[in-house]
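Shown next, in C-alpha cells, is the structure this report addresses.
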Amino acid sequence: MLAMKCQSCGAPVARLDRSGRYICDYCETEAIAEALADSVDRLVLTGTLSQEHCPSCRQPGTRLETGSMDEHPVLGCRRCQGVWVRRNSFAMLVHGRRSAYAGPDRTSDFDLSVDGPRDHHDRLTCPQCCTRMESFYYAGPGRVAIDACDGCERIWLDCGEITRIAEAPGRR
C-alpha cells in the first residue's frame, strides 16, 4: 500500500479541507489526489489507515483508509473498495453524482441473492460501534441494498453501488 505523499515535502497527506482538497499537515501545500486506477466509483484513498476494520472483507488486519469521493470524506477499503460514509455526505454525494452524470441511463441485472438486503445472519458489523448494521433497499434509484448504522449515522456502500445509483434512470 502506498501512502499519498506531499509533492513539496514528502510527508504523508490525509487531511481533506472544506473545499475537497487534500492539504499537507506539515507544509500546508495542496496535494493532488487521484482515484484508484481500478475504482469504478472514483474512490481516492490516501494510504493512511484508520482504526476501523473493513466490515465486508471480514479478514483480520483489513483496516479502512482515509479517503474521499468527490469532495466528501470517506473511509474506504483498498481490498474490496467498499466505502464507509456519513449519512449526510451520502445524500450530497448521490445528488452531486446524479446531477453531473450525462451518460445513458443504465439498468443492471438485479440478482436478489447478491444485490438484495443481507439477511439477519449475514448483516455487517459497524466498524465504529461494533453493532449489527441494518441492511435495506435504498429508496432512491439504482436498485441497490445498502447497510447503515443508525447510532453512528453512517452508511456502508459496496463497490459499484454509488455508480449504479448515479447512472440509474430517473429524475436528475
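Things to note:
- Criterion violated by V44 - all others in (1) within 27 Å of D25 (Cβ to Cβ); (2) surrounded by 15 or more Cβ atoms within 10 Å (Cβ to Cβ); (3) at pLDDT 95 or above satisfied: (3)
- Of the strands (runs of 3 or more DSSP E) entirely within region 1-90, those holding at least 1 residues that are of a type in the set (D, E, K, R) occupy 43-53, 63-69, 83-86.
- Some residue of region 45-57 being within 18 Å of S89 (Cα to Cα) and out of contact with any Asp or Glu (no Cβ under 8 Å at 6 or more places or on another chain): no
- Taken across region 72-86, residues that are among the aliphatic types (A, V, I, L, M), farther than 22 Å from G47 by Cα and modelled with pLDDT of 90 or more do not occur at all.
The values are calculated or read from the model by the stated rules, or taken from the named source; none is laboratory data. Note that the coordinates shown come from a computational prediction; the quantities given were computed from them, not determined experimentally. Cβ sites come from the backbone with ideal geometry, for glycine too, and all protein chains shown count toward neighbours.
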